[in-house]
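The values are calculated or read from the model by the stated rules, or taken from the named source; none is laboratory data. These numbers were taken from a predicted model, which means no experiment stands behind them. We place every Cβ from the backbone using ideal geometry, glycine too, and count neighbours over all the protein chains shown.
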Amino acid sequence: SAPATDGPETPDERAIATALGLYALHQQSQSAPMHLHGVGFGEAVGRIRFRDGDEVRGVTRRFQSLGTAQTWEELVHHARGLVQLLRDRQQGFDYGRFADDLVQFQQPARQDQVRLRWGRAFYRVTAAPTTSTSTATAEEQ
């Protein structure tokens, strides 16, 4: 028998629909694929936290707002803003893993695990030395 199509969304359906919608937003006007297997959401946002070795404050502030989201709607709102920043910086991430995180976030007992995973990955990324400095040093030798 066919599955019922009426009634409330399941957590899986809600997570997949949200991830697909954010992926569509992220992929808009991009030539390279924005799904990047193996790169978690927190790590991807961490990668855009620095520009030319300096911290971009707005990224950290928005990420912290995501981390304190108490409702699904609030989480999606902050995630959408971060995805727009990721799109602007052409930084992809793993949407399959993200959908799994979104499923888990809908379980109150697992929300802190998702926040912790994203937060650890975000803060693990450090400012890399600028490429131009590394290149100049190598060329001078």
Of the residues in segment 1-51 that are at pLDDT below 95 and among the acidic types (D, E), the one that is farthest from G119 (Cα to Cα) is D6
So, G58, is that one outside any loop (DSSP other than H, G, I, E, B) and modelled with pLDDT under 95 or not? yes
Condition met for F98 (modelled with pLDDT of 95 or more and under 15 Å from A19 (Cβ atoms)): yes
Does L75 fit the bill of being closer than 18 Å to L116 by Cβ and in contact with a Phe, Trp or Tyr (Cβ under 7 Å, 6 or more places away or on another chain)? yes
Checked S29, S65 against criteria (among the polar types (S, T, N, Q), on the phi > 0 side of the Ramachandran plot and surrounded by fewer than 18 Cβ atoms within 10 Å (Cβ to Cβ)); the one match is S29
Among the residues in segment 8-27, are any under 19 Å from R89 (Cβ atoms) and assigned to a strand (DSSP E or B)? no
